[in-house]
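Report on one structure; see the data block that follows.
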Amino acid sequence: MDRLLIRRKAVNAVMLGLTGLCALIAVGVLVFIVGYLFYSGGSSLNWNFFTKLPTPVGESGGGMANAILGSAKVLLLASLIGVPIGFLGGVYLAEFGGTTFPFVVRYMTDLLNGVPSIVIGIFAFTLIVLPQKHFSTLAGGMALGLMMIPISLRSTEEFLRAVPVSMREGAMALGATKTRAIVTVVVPAAMQGIVTGIMLNLARVAGETAPLLFTSFGNRFWSPGWGQPTATLPVMIFTYAIAPYEDWHRQAWSAGFVLLSLVFAVNVIARLALSRGGHQRR
Amino acid sequence: MATPVAELPAAPSVRRAGSFFWGLHGGDKPAFLITISCAAAIVLVTCLLVYELFVNSAVSRHKFGWDFLFSRVWDPVAGQFGALPFVYGTVVTSALALVIAVPLGVGAAIFLSELAPPRVSDTLTFLVELLAAVPSVIFGLLAVFVLVPFLKQIEPVLRSVLGWLPTFQGPFYGFSLFAAGVILAIMVLPFIISISREVLLAVPTDQREAALALGATKWESTWQVVVPFARKGITGSIFLALARALGETMAVTMVIGNDPKISASLFAPGYSIAAIIANEFTEATGDLYTSSLIELGLVLFALTILINGIARLLILTTTRRGET
């Protein structure tokens, strides 16, 4: 009996220790990734990276100024497409709604959210690149915008639902119409959550590479306007990492460092804001 | 004395007469129409996506029929296209990722939900969720320059431990199915951890207390009571991770070796569906080539939608939070 108890206690200690080890490994991987990127990316980062164009192969130096601007343009377009549609759709689900149609909308949104990013890329390709017969910033923005829709819809809906019914009733009791109550009371109350949700969403698509490969493609030079192929940071990292040049690898690390810093900064700020705001949800 | 009741409705009607805006039920009608059309746009876009994939893969579907899925020849020059090597590579790397990530992830989730003090648990979960925010191309970068050289270095160890298995034979190239599986495991780990933790936290405290009161050790109560209670949700998180792994493109493309062969050994290079689309789509010449690649996209789409559906169903039945 005593032997059995000792065995059970030993199993208890060993297994619990193992779960701790698992957690340690998971967090260790993260620390390693960040540490390694800071070490290799930070050390080779310089001012040229932000101001210069890529140099021809074999010539060292140069930067990714065009890719940084290209990423910004693509993301701007993406938010212009993804945020309004997602936001208004979220308002519909949370405030108006019905029985059958909201179910269809939610189902389709989940479906769209589960589509692999490379397939979204094919979709944007057949929709815009194929008829236009050339790659463009527009197509890239469209692809990322499509990816933003499901999450902005779901986070908007979630934060609107978290607003107490009493606030809506209060507004209506004062004579406001439903729309007026939504615009002046409900949405402002949920605004912080919605904005952070959008920031997180933007940070997520900022690192997407696959949908941009054959929509915005790439460009060694500046890309004026919206109708030409453009370089973007994630695609640059990909092309530079698989190329056989030492100097390109160095720059890929710098680009990875910049991209990850941006993504992490947005994530940390957004999550802190959310936990401060008293919401339990993301 | 019914005057207040009688007067109240009069006020809006005065305003209503004043402007066009108020004529539309105080703006409720247009607001409803605008928001519902945005919601409808999402439905439309999703349907359009399926339609486009279907229509644009027509050439290849008509030429190869169902054979497309079972042919192992991929020869753009001869105009022969088959999906089997890519389906194989996708499934094998994802399976390997799960074999590594599931024990680690569930273990870590148990630690975070059952053992760690709330403060520590929240901090660690925060860090793990940050890991989920790392873009896949950065995982790819690390995989190429850190993971592959590392795997090459520990190859003798791997061989002595796993060498008796038929799946670890032949020369090790570094860029291989194995490397792709390992990087995928790291990428899906955060999803398994954060969802499993949530599901475990949703298990009622009574369950734990009852087991402990019966004299179970902490581990026994966790493993025999809490985990079985949350089994469905944990399975859901695993399916969700699987869907992610199947559709993952960049990191896999960078390390899988890009060789459309079916080899039993995980040490050999392979190819995945997402990787071949990423690599060859812009270079594809001719309708048949492009449409074959789009049909591969259709296959991948169908695969992930199926797995995602199962995942959501499983998670929805255990927690109130089905979306992720």
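Summary table below
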| read-out | value |
| --- | --- |
| Criterion (at pLDDT below 95 and open to solvent by 40 Å² or more (accessible area, probe 1.4 Å)) met by exactly one of A:VAL258, A:VAL195, A:VAL186 | A:VAL195 |
| Of the criteria (1) surrounded by 18 or more Cβ atoms within 10 Å (Cβ to Cβ); (2) within 30 Å of A:MET15 (Cα to Cα), which one B:PHE281 fails | (2) |
| Filter result for the condition that a residue is over 13 Å from B:VAL106 (Cα atoms), open to solvent by 60 Å² or more (accessible area, probe 1.4 Å) and of a type in the set (Asp, Glu), over B:GLU209, B:GLU220, B:GLU155, B:GLU198 | B:GLU209 |
| Criterion (in contact with a His (Cβ under 7 Å, 6 or more places away or on another chain), assigned by TED's automatic domain parsing to the domain that holds A:SER79 and farther than 21 Å from B:LEU246 by Cα) met by exactly one of A:ALA176, A:ALA162, A:ALA203, A:ALA190 | A:ALA162 |
| Any hit, the range B:155-172, residues being within 14 Å of chain A (Cβ to nearest Cβ), hydrophobic (A, V, I, L, M, F, W, C) and in contact (Cβ under 8 Å) with a residue 60 or more places away in the chain | no |
| The range A:267-276, residues that are within 15 Å of the chain's Cα centre (by Cα) and open to solvent by 40 Å² or more (accessible area, probe 1.4 Å) | A:VAL268, A:ILE269, A:ARG271 |
| Residues (more than 28 Å from A:ARG161 (Cα to Cα), away from chain B (no Cβ under 14 Å), in contact (Cβ under 8 Å) with a residue 24 or more places away in the chain and among the small types (Gly, Ala, Ser)) located in the range A:66-100 | A:GLY70 |
| Filter result (in contact with a helix residue (DSSP H, G or I) (Cβ under 7 Å, 6 or more places away or on another chain) and open to solvent by 40 Å² or more (accessible area, probe 1.4 Å)) within the range B:226-252 | B:PHE229, B:LYS232, B:THR235, B:PHE239, B:ARG244 |
| Tally of residues being buried (at least 20 other Cβ atoms within 10 Å of the Cβ), within 10 Å of chain A (Cβ to nearest Cβ), over 15 Å from the mean Cα position of the chain (by Cα) and small (Gly, Ala, Ser) across the range B:284-316 | 1 |
| Near pairs, Cβ below 7 angstrom, 6+ apart or cross-chain, from the range A:36-60 (on the phi < 0 side of the Ramachandran plot) to any residue that is open to solvent by 70 Å² or more (accessible area, probe 1.4 Å) | A:SER44/A:ARG250; A:LEU53/A:PHE221; A:PRO54/A:ARG220; A:VAL57/A:TYR245 |
| Hits in the range A:217-241 (condition: crowded, with 18+ Cβ neighbours inside 10 Å and in a helix (DSSP H, G or I)) | A:LEU233, A:PRO234, A:VAL235, A:MET236, A:ILE237, A:PHE238, A:TYR240, A:ALA241 |
| Test: residue in the range A:127-141 that is over 16 Å from the mean Cα position of the chain (by Cα), modelled with pLDDT under 95 and among the hydroxyl-bearing types (Ser, Thr, Tyr) | yes |
| Test: A:THR55 is at pLDDT 90 or above, among the hydroxyl-bearing types (Ser, Thr, Tyr) and open to solvent by less than 70 Å² (accessible area, probe 1.4 Å) | no |
| Selection count, the range A:157-169, where residues are in a helix (DSSP H, G or I) and either open to solvent by 30 Å² or more (accessible area, probe 1.4 Å) or within 10 Å of chain B (Cβ to nearest Cβ) (or both) | 8 |
| Residue match in the range B:106-116 (condition: touching a Cys at 6+ places or on another chain (Cβ under 9 Å) and not aliphatic (A, V, I, L, M)) | yes |
| Selection from the range B:76-89 of residues that are among the polar types (S, T, N, Q) and farther than 20 Å from B:SER57 by Cα | none |
| Failed item in (1) more than 30 Å from B:SER113 (Cβ to Cβ); (2) at pLDDT below 90; (3) out of contact with any Ser or Thr (no Cβ under 6 Å at 6 or more places or on another chain), with A:VAL34 passing the rest | (1) |
| Flag if B:LEU124 is within 11 Å of chain A (Cβ to nearest Cβ), within 24 Å of the chain's Cα centre (by Cα) and open to solvent by 10 Å² or more (accessible area, probe 1.4 Å) | yes |
| Filter pass, B:THR93 being in the same structural domain as B:GLY247 (by TED's automatic domain parsing) and crowded, with 21+ Cβ neighbours inside 10 Å | yes |
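Residue-by-condition table, conditions (1) within 12 Å of chain B (Cβ to nearest Cβ); (2) not small (Gly, Ala, Ser):
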residue	(1), (2)
A:THR184	yes, yes
A:GLY197	no, no
A:THR209	yes, yes
A:THR230	no, yes
A:ALA241	yes, no
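The values are calculated or read from the model by the stated rules, or taken from the named source; none is laboratory data. Small disclaimer: the values here were computed from a predicted structure and weren't measured. Counting neighbours? That spans all protein chains shown, and the Cβs are built from the backbone with ideal geometry, glycine included. We work out accessible area using only protein heavy atoms, side chains counted, and drop any ligands, DNA or RNA first. Shrake-Rupley method; radii C 1.70, N 1.55, O 1.52, S 1.80 Å.
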